[in-house]
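Values in this text are rule-based calculations from the coordinates and carry no lab data. Predicted, not measured: the structure shown is a model, and the values here were computed from it. Cβ atoms come from the backbone with ideal geometry, glycine included; neighbour counts cover every protein chain shown.
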Amino acid sequence: MSSALPPNATRGRILAQFLLGIGAWLFLALPYLRRTRGLDRLDPRQRYLFVCNHVSLLDTIMLGALCWRSRCYPILVLGDKSVWHASWIKRFLSSRIGFLLERGKLNPSRIEELQAFGRAGREFHLVVFPEGTRGDGVHVATCQPGVYHIAQEARLPLVPVFFANMHKVSTKRGRFHPLGGLRQVEVYFGEPIAPEAWLTLPRPEFTEFVRQSILAARVSECGVDAASSADRRQL
């Protein structure tokens, strides 16, 4: 597949994601997921652009399990080729769910690639981790401008997603915690935001809008005090 062309949601890809979803649910969601909030807001008849905070590569697999559970698949995940081609299992997974870019290289066609990913929203639910790198699971860093070009092309309802406590299972540089992370992860889905609410925002305002929406997904479900106490524990 050329990275400048959107892939197709073939029967083979849909079947592969169905089977991967079952595996992700059984081996990741059931043992490590404590609870979800807002998942019932998703309508499987509607395509979405999911914008998520990022802690671990397991974020993608956990979200895939939840999308399978809610019948919101097939999904297409924007990812870094150097990361997802680092091992055979990552290459296998990315070939079924990923739209990979070489982020470390200057590419004059990058905007066209991002727009192609956005156009894939006609057949896929799109998943973007707009921070561009993995964070601490508490704060949300400044979002990269690429999410603006994707959203403008896709024009899908925006669903902010916040992963809490994923760092207790796995982080960017830390090891996997198979026992310490049991029943610790919480995933919060914000209210879908219609394109009319953000299409006219200029790029800097839109990226900040996305960041604040991801933070608000957790605050709206937990309450301001809970979110504030989590911030204080990091100080």
At a 10 Å Cβ-Cβ cut-off, how would you order D40, D80, fewest neighbours first?
D40, D80
With springs only between Cα atoms under 10 Å apart, run a GNM on the chain and tell me which of V138, V147, V83 wobbles the most.
V83
Please identify the helices of the chain, taking whole runs of DSSP H, that span at least 15 Å along their own axis as judged from the Cα atoms and have a mean Kyte-Doolittle score of -1.0 or higher.
11-24, 58-69, 203-222
Using the Cα gyration tensor of the chain, with a ≥ b ≥ c the square roots of its eigenvalues, what is the shape: rounded (a/c below 1.5), prolate (a/b larger than b/c) or oblate (neither)?
rounded
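Does the range 129-221 come out rounded, prolate or oblate, given a ≥ b ≥ c as the square roots of the eigenvalues of its C-alpha gyration tensor, rounded meaning a/c under 1.5 and, failing that, prolate meaning a/b above b/c?
prolate
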Rounded to the nearest 0.05, FRET efficiency between R71 and R91 (Cβ-Cβ, R0 30 Å) equals 0.65
Using Cα-Cα distances under 8 Å and only pairs 6 or more residues apart, what relative contact order does the chain have, in percent?
27
Note down the net charge around A120, summing +1 for each Lys or Arg and -1 for each Asp or Glu among other residues with Cβ under 15 Å from its Cβ.
+2
Based on DSSP, what percent of beta bridges with both residues in the chain are antiparallel, to the nearest 5?
20
